[in-house]
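Below is one structure, written out as structure tokens; the observations come after it.
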Amino acid sequence: MQRLRALYAWFDQRLGLGSFFAETAGHLVPESSGSWFYVFGSATLLCFVIQVLTGICLSLVYVPSAAEAYTSLEYLNYEVPLGWYLRAVHYWGSNFMVALLSVHMAQVFLFGAYKYPRELTWISGCLLFLLTLGMAFTGQILRWDQDAYWGVGIGMSIAGRTPFLGEPLVHAVLGGPIIGAATLSRFFALHVFVLVGLIIAVITLHLRLVLRSGISEYPDPDQPVDRATYHARYEDLIRRTGVPFFPNAIAKDLVFGALVILAILGAAAVFGPNGPNGPPDPTLIHTSPRPDFYFLPLFAVFALLPPYTETVLMLVGPVIGIALLFAVPFLDRSGQRNPLRRPVACLAVILVFLVLGSLAYLGETSPWSPEMDAWNGLPLPESAVAGRSPLQLVGAAVFQNKQCRNCHALGGTGGARGPSLDDVAARLSGDQLIRQVLRGGGNMPAYAKQLTPPEVTALVAWMETLHPAYEPPTHEKTWRRKKP
Amino acid sequence: MEHDPTTGNWAGETKPVTRRGLLLRAGVALSAIGGALLALPVVGYVAGVLLRRKPYQAWVSLGPVADYAERQTRLATYRNPFTTPLDGAAADVPCWVRRIEGEKFQVFAINCSHLGCPVRWFPESGLFMCPCHGGVYYEDGSRASGPPPRGLFEYAYRIENGELLVKGGELPTLSNPV
């Protein structure tokens, strides 16, 4: 014991361990900040550590070459002992990291912890958020499958819309004229060196700021932030109720952190790794590229924006969004911090999560995309063919053969790009149907060149029978109205 | 009185250049030069692709004209002429070839003009459909519906010794349509 103490004293004298501990893990925090609401930041940091550990392991096998990356991932999945599991942990770790970081941001926002004097803590946190999304995007590209290949294509199509700089920007990112070896190597360097280095640097700054300004106290509705008195009040609070972060306040972080580890390991074991989804061969065109969940809202926005606003919103929108995020502590500098007294902040968070959630759902289901196999893969519902005349049945066949089903659902199946045709006869008369089929309009292509007159006659004859039992076809309605 | 830390002088006072001050200034200047010299090759290396003057364009063969039936559209692929041995399958570029009649062709890039996803050809309805955001094009490549801001990107083509050649080499984008 005596010996150990002497050994510690020897190191302490040289390294200053005692004072280092007192200034960091042992620093005093307000007792009220030992709350379950304050565990998300440390959990995000934990995810980052897991990502670094598993990332290093994956890099032992992964080959960042366009020709071999896909094979090396399959090798990891099927040959390397536990390779599939480490890929799964890395994938689920990234999902959890993005999710927990978002929750951490929402909590800090709701608790007004970005207000004076913690503006820079918020800004460095926003930087970490952007860097994490950068890691998520580059990581997705390293999966070097079909989604990755076309995902780069989507990114470059956006970059290519930049006025004047479009072409050089695309070439700089791709490292050449096409998506190829240079592209993958660039994303690899970003993912494992550049972005990781930046994240470590900004985390250091973020923690330094947390130590310097102190962890924000649990927001007391009767104690709004006043720049003149905040420091004195906070110091007084620390003097009266301050407890060392370790061991007093860290307990909840440890419990939550352990749960996060278990959740990541569990999700990885149950759901396994993601992909690789199809070899990165652009000639295999029967693919429907989709990004990982964090970019689904963006993917959905690109389908839903009015086309004439698109280029501007794609290029300017993110800049405005990011600028707003950074500006939060300057738009709302002081005053009330308690979420229950800040309805606008609460509504803003609910709105943002609802919008992102709905967009992600839409991105996943993509109702705007034609369902490519509906025309030859789906049967016609019985109600659409029962009791029809031969001419009408020919029309039903035309409907299937001309891929109408890819965009128009019938009996609940088929594409959702155009309206469902279950009740089309109740909406449009025969003449209107002919006009719509031949000339298109309202986002429908014109089919005049693709259909012979007899086909149109048959198709329309069949469509005129499509109406619910309780609603007669339009022409009957008109006819009835006209009758005195 | 104001102090100027770079010269070590107080305002209004002119001190002779000291050895320490000179050494500091020389040190800063030399480091700046060294840093710039180091940055030059590094930036040139990373941005080298931007310094290239010649466009990434070359004529590539899509095979004999006879391979393409008249009044039909089919998929063709070519190996990108600027490929490196490390590219793997990523340098195999697909495109849609429409032979209108005789020597009249249209060769479309596979990439949707909206965000670059691969469009598919449906001969029955004579439409190209995109799986990403629902862009649709007619058989002549013009926009039929959906978000695309223009028709499909079209390659320049020519016929030489019975072979169909297209001018390709780059990923088509709105600022650089093939």
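The values are calculated or read from the model by the stated rules, or taken from the named source; none is laboratory data. Given the structure is predicted, the values throughout are model-derived calculations rather than measurements. Every residue, glycine as well, gets a Cβ built from its backbone with ideal geometry; the counts of neighbours run over all protein chains shown.
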Legend entry - Restricting segment B:60-105 to residues that are among the small types (Gly, Ala, Ser) and crowded, with 22+ Cβ neighbours inside 10 Å, the residue that is farthest from A:Val63 (Cα to Cα): B:Ala91
Inset, instruction - Can you confirm whether segment A:129-142 contains a residue that is part of a helix (DSSP H, G or I), modelled with pLDDT of 95 or more and more than 23 Å from the chain's Cα centre (by Cα)? - result: no
Inset, instruction - Output the helices (runs of 4 or more DSSP H) that fall wholly within segment A:373-437 and possess 2 or more residues being in contact with a Phe, Trp or Tyr (Cβ under 9 Å, 6 or more places away or on another chain), surrounded by 20 or more Cβ atoms within 10 Å (Cβ to Cβ) and not assigned by TED's automatic domain parsing to the domain that holds A:Ile285, or say none. - result: A:390-401
Legend entry - Failed item in (1) out of contact with any helix residue (DSSP H, G or I) (no Cβ under 9 Å at 6 or more places or on another chain); (2) within 14 Å of another protein chain (Cβ to nearest Cβ), with A:Pro64 passing the rest: (1)
Legend entry - Residue count for segment A:158-172, restricted to those that are more than 7 Å from chain B (Cβ to nearest Cβ), assigned to a helix (DSSP H, G or I) and surrounded by fewer than 20 Cβ atoms within 10 Å (Cβ to Cβ): 1
Legend entry - The one condition in (1) touching a helix residue (DSSP H, G or I) at 6+ places or on another chain (Cβ under 7 Å); (2) small (Gly, Ala, Ser); (3) crowded, with 18+ Cβ neighbours inside 10 Å; (4) more than 24 Å from A:Ser124 (Cα to Cα) that A:Ser94 fails to fulfil: (4)
Inset, instruction - Select from segment B:145-165 the residues that are of a type in the set (Gly, Ala, Ser) and crowded, with 22+ Cβ neighbours inside 10 Å and write down the one among them that is nearest to B:Ala69 (Cα to Cα). - result: B:Ser145
Inset, instruction - Please enumerate the residues belonging to segment B:125-162 that are within 7 Å of chain A (Cβ to nearest Cβ) and over 11 Å from B:His114 (Cβ atoms). - result: B:Ser125, B:Gly126, B:Leu127, B:Met129, B:Pro131, B:Tyr138, B:Ala144, B:Ser145
Inset, instruction - Would you be able to tell me the number of residues in segment B:106-122 that are buried (at least 24 other Cβ atoms within 10 Å of the Cβ) and touching a residue at least 40 places away in the same chain (Cβ under 8 Å)? - result: 7
Inset, instruction - Report, ordered by the first and then the second residue, all pairs with beta carbons closer than 9 Å, sequence separation of six or more or different chains, a first member in segment A:423-444 that is on the phi > 0 side of the Ramachandran plot, and a second member that is of a type in the set (Lys, Arg). - result: A:Gly441/A:Arg435; A:Asn443/A:Arg417
Legend entry - Residue check, A:Ala267 modelled with pLDDT of 95 or more and within 30 Å of A:Asp220 (Cβ to Cβ): no
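Can you say whether A:Leu340 is within 14 Å of chain B (Cβ to nearest Cβ) and among the hydrophobic types (A, V, I, L, M, F, W, C), as far as the supplied structure shows? Step through it out loud before you land on a result.
On the way: within 14 Å of chain B (Cβ to nearest Cβ): no; among the hydrophobic types (A, V, I, L, M, F, W, C): yes.
The answer is no for A:Leu340.
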Inset, instruction - For segment B:79-87, state whether one or more residues are within 13 Å of chain A (Cβ to nearest Cβ), of a type in the set (Ser, Thr, Tyr) and either in a helix (DSSP H, G or I) or closer than 21 Å to A:Lys402 by Cβ (or both). - result: no
Inset, instruction - State the number of residues belonging to segment A:264-322 that are more than 9 Å from chain B (Cβ to nearest Cβ), part of a loop (DSSP other than H, G, I, E, B) and either without any contact (Cβ under 8 Å) to a residue 24 or more places away in the chain or buried (at least 18 other Cβ atoms within 10 Å of the Cβ) (or both). - result: 6
Legend entry - Residue in segment A:32-52 that is in contact with a Pro (Cβ under 7 Å, 6 or more places away or on another chain) and either over 27 Å from A:Ser102 (Cβ atoms) or away from chain B (no Cβ under 14 Å) (or both) present: no
